[in-house]
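The structure under discussion appears below in the form of structure tokens.
The values are calculated or read from the model by the stated rules, or taken from the named source; none is laboratory data. This one's a predicted model, so the numbers in the text were calculated from it and none came from an experiment. Glycine also receives a Cβ, built like all others from the backbone with ideal geometry; neighbour counts cover every protein chain displayed. Surface accessibility is based on the protein's heavy atoms, side chains included, excluding ligands, DNA and RNA. Shrake-Rupley method; radii C 1.70, N 1.55, O 1.52, S 1.80 Å.
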Amino acid sequence: MPRFSLRTVDSLAAVPAPAWDALVGDRPLLSHAFLHALHETGCAAPETGWIPRYQTAWRDDVLVGAMPLYVKQHSYGEYVFDWSWADAYRRHGRRYYPKLVCAVPFTPATGPRLITADAAIRRELLAGALSLLVEEQLSSLHVLFPMPDEAAACAAAGMLLRDSVQFHWTNPGYRDFADFLATMNHSKRKRIRQERRKLSASGVSFRRLCGREIEHRDWAFFFRCYTTTYRQHHSTPYLSLEFFERIGAALPDNVLLVLGDQGGTPVCAALDVFSSNTLWGRYWGALEFIPGLHFEACYYQAIEFCIERRIAQFEGGAQGVHKLARGLLPVTTRSAHAIADPDFARAIARFAADERAEVAHAVEELESASPFKEKHAGIETG
């Protein structure tokens, strides 16, 4: 088999979209259109502290491997929190930034990071990324939300692993939303029904639009909701209206917009991205507070959509214990880290080991609070 060569590229414009998409498959959050839109609209660009250093592997002129890689000047938009590490570096008179991050910007979704079907190419992609630490005098490499086999490959290369928790919903083949509710214990089932009834009684209704059905006015309203909610939480939104409209046009079969109105007046919007087997809850916003609005727009509408489309999994994103009562169960996710400074590497390894034990305990406690019925000897309780 012909050997392959590695190239570092600073723009996806250097990689043909069909070649990239053939490599990543049915993964819209890793698609050429999604990533390139982040770069071209300036959302994830050198000006905002995201400097592309994509590792790509080629066999002749055929793309056979890739690694979405960025030099970062900060830790915003990652969802694996290392601010305390950066602070420790600062207090000891050392420099944590710039660092190297392998991730989909602003997207805490597990997926391929060493993107190839060839184990040898995977090893070389990772080795190429690690070599950049020396070449560009970077403090560390962080591979965020990799697939389990990729996390194992990172560990085999000497990287340390961190665990964190997300909440995911799975679809065993529900017929409808009522069928899903029937699997939950009485108190949780009753609560969800009450939330939905009260919202409907207050005059709130929802519609779901996919891809080409979404007009400019819909995107403009969503963006207004999105920015309003960010600012209410004293945060700065990462993404622009241009980015959202661009992915809506480029990924018409992968974008879902949920719009809510009260008595004909628009009040909220939620954006999801989906493939044939997974839906990712991404962004939401509201112009006013209405009890139950967030749960309906972000969770129940997404679950109904998954049931209708027979989508197997709904990933609700980072954090949010409140998701448990809505039928999303705890899932352990991982990240991998190479720390160039040996003293900090040892200290961070101890920290990560303690953290893994804490996460395992937290997941155990959350699982014990599952909203679903238990079955004992064929008898359901709850």
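Taken together, Ala338, Ala345, Ala318 contain a single residue that is at pLDDT below 95 and under 30 Å from Ala157 (Cβ atoms), which is Ala318.
Applying the selection to the stretch 149-173, what residues are open to solvent by 20 Å² or more (accessible area, probe 1.4 Å), farther than 30 Å from Ala325 by Cα and of a type outside the set (Gly, Ala, Ser)? Scanning the stretch 149-173 gives Asp149, Leu160. Pairs meeting the criteria (first residue in the stretch 108-121 and under 10 Å from Glu150 (Cα atoms), second residue of a type in the set (Gly, Ala, Ser), beta carbons under 6 Å, at least 6 apart or on different chains) are Ile115/Ala66.
Does Phe222 satisfy being open to solvent by less than 50 Å² (accessible area, probe 1.4 Å), under 22 Å from Gly42 (Cβ atoms) and touching a residue at least 40 places away in the same chain (Cβ under 8 Å)? So Phe222 passes the test. Checked against the criterion of being β-branched (Val, Ile, Thr), within 20 Å of Leu328 (Cβ to Cβ) and either crowded, with 19+ Cβ neighbours inside 10 Å or in contact with an Asp or Glu (Cβ under 9 Å, 6 or more places away or on another chain) (or both), the candidates Ile192, Ile214, Ile247 yield just one match: Ile192. Determine whether the stretch 14-23 contains at least one residue that is under 24 Å from Thr278 (Cβ atoms), in contact (Cβ under 8 Å) with a residue 60 or more places away in the chain and crowded, with 20+ Cβ neighbours inside 10 Å. Yes, that holds for at least one residue. Candidates in the stretch 226-241 are the residues that are assigned to a helix (DSSP H, G or I) and not β-branched (Val, Ile, Thr); of these, the one that is least open to solvent (accessible area, probe 1.4 Å) is Tyr226.
The set of residues from the stretch 57-77 being of a type outside the set (Phe, Trp, Tyr), touching a residue at least 60 places away in the same chain (Cβ under 8 Å), open to solvent by 10 Å² or more (accessible area, probe 1.4 Å) and part of a loop (DSSP other than H, G, I, E, B) is empty.
Residues that are under 24 Å from the mean Cα position of the chain (by Cα) and open to solvent by 80 Å² or more (accessible area, probe 1.4 Å) were ranked within the stretch 352-368; the one that is nearest to Leu324 (Cα to Cα) is Glu367. Can you say whether Leu141 is open to solvent by less than 20 Å² (accessible area, probe 1.4 Å), more than 22 Å from Gly316 (Cα to Cα) and in contact with a helix residue (DSSP H, G or I) (Cβ under 6 Å, 6 or more places away or on another chain), as far as the supplied structure shows? Judged against the criteria, Leu141 is a match.
Scanning the stretch 78-125 for residues that are more than 19 Å from Leu6 (Cα to Cα), aliphatic (A, V, I, L, M) and part of a helix (DSSP H, G or I) yields a total of 2.
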